[in-house]
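The structure appears below as structure tokens.
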Amino acid sequence: MSFKFNISEILTGFELSERERSNLARLFDYTNFLYDDETNLTKTFNLVKGAREKLMERISEMFESDLFEDESIEAEEEFMEEKGQ
Amino acid sequence: MIQSIRVKNFRKHEDLTLDFDEKFNLIHGRNNAGKSTLFYGIEYCLFGNVQGFKKIAQLAKFKKNAVGVQLIFHGKDGNTYKLQRMHKLKGKSKSAQGFYTLKKITDVGEVYLLSSDHGNREEDLSLKINQILGISKRFFETGVHFYQGSVSDILSGDKKLDIVFGIKSAIALADVFKDKALEFEREIKNIPVFESNLTQSKSEKEEYRKKLSSQEKQQATINEDIKTKENELKTFETFKSSSETLSDVVLQFENKKRALDDIKLKEEVIAKEKEDTINKFGMKSSIEKSLALDKKSLDEVKKKLEISEKQIEAIQQQIRKLEKDKVETETLLGQKKKLSEELDAIVKDVGGKEDLEKKLTAQKKDSKDISKKLATLEKKNEELQKFFRDIEREKGDIEGILTRREQSKGKPICEYCGAPIDPAKIKDEIKQFKAKLTKIDEDINSNEKKSADIKSELLQLREDEKAIENSINKITANIEKIENLSNALETSYGEELDTKLDGLKDSIIKEESKLESEKKNLTIFRQKEQEQLKKMNEFQSQIEKIDEIEVKVSKIQDELEDIQTQFSEGKDNLLETIKRAKTQISENLKVIKKKGNEESFTTYFEKLIVRMGDITENFSLKEIQSIKDDLKELVVKKLTEISTSLSHLTEQKDQILTEIEETKDHVKRLDRQIANTEKEIQILHKKETIAERYRSYQNVFKDAQSIIRENASSILEEKILEMHKNLSTTDEFDKVFIDSNDYSLSVTPKGLDMNESYPAALYEGGGHRLMLGLSYKFSLGKVIGDAPFLLIDEPTEFMDVENRVNLLSNLPTIAEGTQILLITHQDVDKIQCDKRIGI
């Protein structure tokens, strides 16, 4: 029997880059961690709002960081320009 | 694999350390010895809590304020790790504050990996434990830690297995990715709106750019005009300078002309004054002659004055001498009077010299008499004293003889020869001696009275002698004093003193009379001198006045000469200045003409230049003043015009500058707007990409959960059947079946139709159910995560001895090399194991 409940192995079956696989595996581990804590669960074993938000934040950190990478520099430039005026 | 555990203040155990074998460890002990506690300790150390214990305080030993467990274990990576966890319990509520530290043990020492003291969270440790050991909390509860209740329960299924398998996590992730994708998809619908805004902003910006270009051209034209006007202004400033210089020179010339007129007027006034003075006092030479004569007269008066002053001085000197003599004589007379009065007082007090001498003679006689008396009495006194001494000696002799006689009354003998003496004779002698003694005492008494009288008289005489002596000394002193005073009066102060004083007084009166007469003469001479001096002063003052006027005349003539020279120079300077101004204006006028100024203006200046040329031929101050005023008026008028133009142009320049700034602001604002919009569009495009990716991830996890769910049941079924065959002594079942909805187990015993099955939870026989449960549990441990160790707590309580011993002895084979920690208190000796640990 070769199958194990290992998410990294399962993810190899999908068309993903190495980095994506690693990130999704980590995300899966993190979600498991959230599920391990009873306080994160509803009576029907779903994530409570707070835990779900934590998960969304983690996703944003992992996949959306390049959305705003130049924003802080631009904001600073804009501020300096206004100050100069 | 767990290498060792140390529990401290943990339930029953105060401080216990146990080392484990890497294979099969059997932990045995009586009931309530704390065997299960060791498994709680492992769970506590790995996850920070224990299932079934709501509070950490429940894990602590009674009355202890801290609880802690240390685990040393080998990870899947082959490394050894040390995990330490403790909780401090505070206050009555025993609220717990937890700490943990995870270190890697290497050859060179321990290396910190995670620590709550360094800000690491529980989540970090949990993920790390999962990474090192491959177990999560859920997996631990389901597939690692077995106890009898949990073994039987699993047969009815456990919905939490969805969590253990990660199905719930995959579903949640698919769901969250879907939500995130939807959120971004909503946002990217706005891309066309942003793109339309961008086009509009760019077009608006282009319009402002065109406007700016036009404004900048306008600004350049205005700047050119300003430059032209400024040059013109400079030219007319030079005209102004020429005009001002001309004005200054004209003013200077006018001042000089005025000064010349003034000095001429002054000269006339002084000439008149000189004429009047000569008419009044005459010529200076005649006044000087009169002055010489008066000076001669004054010298004579001065001589007389001098003689008179000398005469007065001599008289005054004589008077001073006489006065001095007079004072001396008067002093001597005073002294004489004082001595006479003193002498009279002495004579009145003690008598005259003759009386005193008589008294002295009498006193001296008395003194002699007393001396004689004293000599006589002293002689008498000496005789009496001698008598007393003699009679006292005789009395002593008689008293001695009497004593001896009375002592020798019995046998009287002669004291000189020692011959016996007749007692009767002795008696008579004693009688005689006593009578003699009585007589002596009587004589002494009578003479002592005499002696006292003589002594008293002697004392009196001596006092008298002393008093007479004092009196004699006093009288002698008074006589001497009188003699001295008389001698002084006779020798120092003769009778002629009064006569001399009278003579002196007369001389003084005479001299004073002479002085008075001389002083009158002196006063007359002084009056004369004053009169002469006054006269001379008048002459002198007249001469000075004449001299003063002559000086004035001379000075004014010098001044006149100077001013005439200056006037002449001023005229030359004025003509030269006009000439220069003419040249300068002529040259600049050419430039102005070139720049196309109005005709009338230049014509006017040309006329002015002609007038300037004429004036050098025919000098006229009036004409010069007129030229100067005309030039000034013309220049001021032109300068005002240019300044007004310049001011107007500057205003235009400021206005266009403000307009340019405003336009630039608009451009900048639009640039920012365009940049922002472009950025927004860029972000939205990125979001579009991310949304697509999220959709694919959603599908990944959706598929993943299907794969897990589909595979979980079939793999578990296969594994359970295999495991049961290994555990049981009999081959009971053809097939086992897992319901993928609730994970409940059904079995198909051998000989039964393959399509029929029974729920395992209802299968007959506790031992059978336990065996199935253990198979299920072991299978989970193998399938889910390949458990690094198994914690098995009394799994076989209701089994018969044979099956129990068989099952437990087979555990290492079933576990396929996984470390086993087995707790039991039954048939310990019969079970084969690698290490027995007694608690």
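The values are calculated or read from the model by the stated rules, or taken from the named source; none is laboratory data. Note that the structure is a prediction, hence the values are computed from the model and not measured. Here the Cβ positions follow ideal geometry from the backbone for every residue, glycine too, while neighbour counts run over all protein chains shown. For the accessible areas, the whole protein counts, side chains as well, though only heavy atoms, and no ligand, DNA or RNA atoms are used. Shrake-Rupley method; radii C 1.70, N 1.55, O 1.52, S 1.80 Å.
Take the solvent-accessible surface of the protein heavy atoms, probe 1.4 Å, and return the percent of it on segment B:251-324 that carbon and sulfur atoms account for.
Values: 2880 of 5380 Å².
The nonpolar share, carbon plus sulfur, comes to 53 percent.
Restricting things to Cα coordinates, could you compute the convex hull volume per residue of segment B:353-468 in Å³? The partial results should precede the final answer.
Working: hull volume 11.2 nm³, N = 116.
For segment B:353-468, the hull spanned by Cα atoms encloses 96 Å³ per residue.
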**Prompt:** In terms of modelled amide H atoms, which long-range or inter-chain residues lie less than 5 Å from the amide H of residue B:145?
**Reply:** B:791
**Complete:** If each part is reduced to its alpha-carbon centroid, segment B:328-349 and segment B:514-570 end up apart, in Å, by 72 Å
**Request:** Determine the principal axes of the Cα atoms in segment B:426-526, then give the extent along each, sorted from largest to smallest and rounded to whole angstroms.
**Result:** 144, 25, 13
**Request:** Taking the Cα centre of chain B as origin, sum charge times position over the Cβ atoms of Lys and Arg (+1) and Asp and Glu (-1), and report the length of that vector in debye to the nearest 20.
**Result:** 2580 debye
**Request:** Name the long-range amide H neighbours of residue B:837: under 5 Å, sequence gap of 5 or more, or other chain; modelled H, no Pro or chain starts.
**Result:** B:26, B:27, B:28
**Message:** On a 23 Å Cα-Cα criterion, which of the cross-link pairs B:64/B:92; B:8/B:94; A:54/B:777; B:264/B:552 come out too long?
**Reply:** A:54/B:777
**Complete:** Here the Cα Rg-to-2.2 N^0.38 Å ratio for segment B:277-399 is 3.58
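Write down the accessible area per residue of the protein assembly as shown in Å², having rolled a 1.4 Å probe over the full set of protein chains.
Working: 53970 Å² over 924 residues.
That works out to 58 Å² per residue.
Assuming R0 = 51 Å, can you tell me the calculated FRET efficiency for the pair residue B:337 and residue B:313, based on Cβ-Cβ distance, to the nearest 0.05? If you can, show how the numbers build up before the last one.
Values: r = 37 Å, r/R0 = 0.72.
According to the calculation, E is roughly 0.90.
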**Range of Cα positions in segment B:92-247 per principal axis (Å), largest first** = 129, 50, 44
**Request:** Enumerate the calculated ³J(HN,Hα) couplings along segment B:233-240 in order (Karplus 6.51 cos²θ - 1.76 cosθ + 1.60, θ = phi - 60°), each rounded to whole Hz, writing x wherever the residue is Gly or Pro.
**Result:** 4, 4, 4, 6, 5, 5, 4, 5
**Prompt:** Each residue of segment B:573-588 in turn: what ³J(HN,Hα) in whole Hz from Karplus with 6.51, -1.76, 1.60 and θ = phi - 60°, glycine and Pro shown as x?
**Reply:** 4, 4, 5, 5, 4, 4, 4, 4, 4, 4, 4, 4, 5, 4, 5, 5
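Of all alpha-carbon pairs in segment B:658-789, indicate the percentage at a distance above 17 angstrom. All intermediate terms of the calculation are to be shown ahead of the outcome.
Values: 6165 of 8646 pairs.
I get 71 percent for the Cα pairs in segment B:658-789 exceeding 17 Å.
Taking every DSSP beta bridge that has both residues in the protein assembly as shown, what percent is antiparallel when rounded to the nearest 5?
Numbers: 49 of 65 bridges.
Given both bridge residues lie in the protein assembly as shown, the antiparallel proportion sits at roughly 75 percent.
Assuming R0 = 45 Å, what is the FRET efficiency of residue B:535 and residue B:636, from their Cβ-Cβ distance, to the nearest 0.05? Intermediate values should be presented prior to the final figure.
Working: r = 71 Å, r/R0 = 1.58.
It comes to 0.05.
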**Asked** Counting only the heavy atoms of the protein chains, how much of residue B:310 is accessible to a 1.4 Å probe, in Å² to the nearest 10?
**Response** 140 Å²
**Bins of 10 Å from zero: percent of alpha-carbon pairs in chain B** = 2, 6, 7, 6, 5, 4, 4, 3, 3, 4, 4, 4, 5, 6, 8, 8, 8, 7, 5, 2, 0, 0
**Item:** Overall dimensions of the protein assembly as shown by Cα: Rg and Dmax, Å
**Value:** 81.9, 211
**Prompt:** Relative contact order, percent, of chain B when contacts are C-alpha pairs under 8 Å separated by at least 6 residues?
**Reply:** 29 percent
**Prompt:** Cα extents of segment B:741-839 along the three principal axes, largest first, in whole Å?
**Reply:** 47, 32, 20
**Request:** Could you list which residues have their amide H under 5 Å from that of residue B:11, counting only those 5 or more apart in sequence or on another chain, with H placed in the peptide plane?
**Result:** B:60, B:61
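Given 0.36 nm per residue, what is the gain on full extension from residue B:523 to residue B:387 after removing their alpha carbon distance, in nm? The partial results should precede the final answer.
On the way: separation 136, 0.36 × 136 = 48.96 nm, distance 11.20 nm.
Length gained between residue B:523 and residue B:387: 37.8 nm.
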**Message:** With a cut-off of 8 Å between alpha carbons and a minimum separation of six or more residues, what is the relative contact order of segment B:63-193 in percent?
**Reply:** 13 percent
**Prompt:** List for segment B:155-193: residues with 50 Å² or greater reduction in accessible area, all protein chains versus chain alone, probe 1.4 Å?
**Reply:** B:163, B:168, B:169, B:173, B:176, B:180
**Fill in**
Expected unfolding gain across residue B:505-residue B:211 under the 0.36 nm per residue rule, minus the alpha-carbon gap, is 92.2 nm
**Request:** Specify the inter-centroid distance of segment B:720-750 and segment B:212-272, based on alpha-carbon positions, in whole Å.
**Result:** 127 Å
**Item:** In the A-B interface, the accessible area buried, summed over both sides, Å² (probe 1.4 Å)
**Value:** 4300 Å²
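Once R0 is set to 51 Å, what does the formula 1/(1 + (r/R0)^6) return for the Cβ-Cβ distance between residue B:378 and residue B:424, expressed as a FRET efficiency to the nearest 0.05? Walk me through the numbers on the way to the answer.
Working: r = 50 Å, r/R0 = 0.98.
About 0.55, to the nearest 0.05.
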**Request:** Return one number: the angle in degrees, 0 to 90 and rounded to the nearest 10, between the long axis of the Cα atoms of helix B:122-133 and the longest principal axis of the Cα atoms of chain B.
**Result:** 50 degrees
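Using the reciprocal of the averaged 1/r over all distinct C-alpha pairs, how large is the Kirkwood radius of segment B:184-257 in Å?
Working: mean 1/r = 0.0543 Å⁻¹.
Final number for the Kirkwood radius of segment B:184-257 is 18.4 Å.
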**Item:** Spread of Cα-to-Cα distances over 10 Å intervals beginning at zero, given as percent, for segment B:1-128
**Value:** 12, 42, 35, 11, 1
**Message:** In whole Hz and in residue order, list the ³J(HN,Hα) couplings for segment B:761-775 that follow from phi through the Karplus curve 6.51 cos²θ - 1.76 cosθ + 1.60, θ = phi - 60°; x for Gly and Pro.
**Reply:** 5, 9, 5, 6, x, x, x, 5, 5, 5, 4, 5, x, 4, 4
